[in-house]
């Protein structure tokens, strides 16, 4: 089959391709609702190493980024989790498993961190089925970082400033239902194209209607 023949087969079979896309798009949407819908609460913190205040800006920013990277990983640890749970915030501890491994996995899934390069900023997002709980946990994380973050970098010359207060999402963000539906539609459409081309190739090879 020539390229033009392939293109013509796709044009003729567009209804089948669309049907494949719609079916898998609906499947992706339905699959999303098998998981609990979660809201997010996101904030940003500025990392400053005081002893480098007199250094050139490039050196100061790079040092802050390294510390932010470290703190971003520290947040996932059991030690940090315990500090967050013991902070004086209205955090519902009952949602966490009594099993240490399951509890750690819950915590790691609940939090995402990202260092914003060339800024010294650490972005933290908390995901929870209850948007108020997401914010309470985010505030507890900010409190621990701003008051005790220096303990994790081996010195008291660190300053962590909450520059963006926790901001709740208006709608659930996990699982991402629109993205899953779109991905399903795209994958289904690709499968539909494959089906149409294989069907056309069989028709040409065997001279039969498939």
Please go through segment 113-130 and pick out each residue that is closer than 19 Å to residue 37 by Cα and surrounded by fewer than 17 Cβ atoms within 10 Å (Cβ to Cβ).
-> 129, 130
Right, residue 166: on the phi < 0 side of the Ramachandran plot, assigned to a loop (DSSP other than H, G, I, E, B) and at pLDDT 85 or above or not?
-> no
What is the residue count in segment 96-114 for residues that are in a helix (DSSP H, G or I), out of contact with any strand residue (DSSP E or B) (no Cβ under 8 Å at 6 or more places or on another chain) and closer than 14 Å to residue 140 by Cβ?
-> 1
When you go through 173, 193, 198, 186 one by one, which is the residue that is touching a strand residue (DSSP E or B) at 6+ places or on another chain (Cβ under 8 Å) and at pLDDT 80 or above?
-> 173
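The values are calculated or read from the model by the stated rules, or taken from the named source; none is laboratory data. The structure displayed is predicted, hence computed values, not measured ones. FYI the Cβ positions are ideal-geometry reconstructions off the backbone, even for glycines, and counts take in every protein chain you see.
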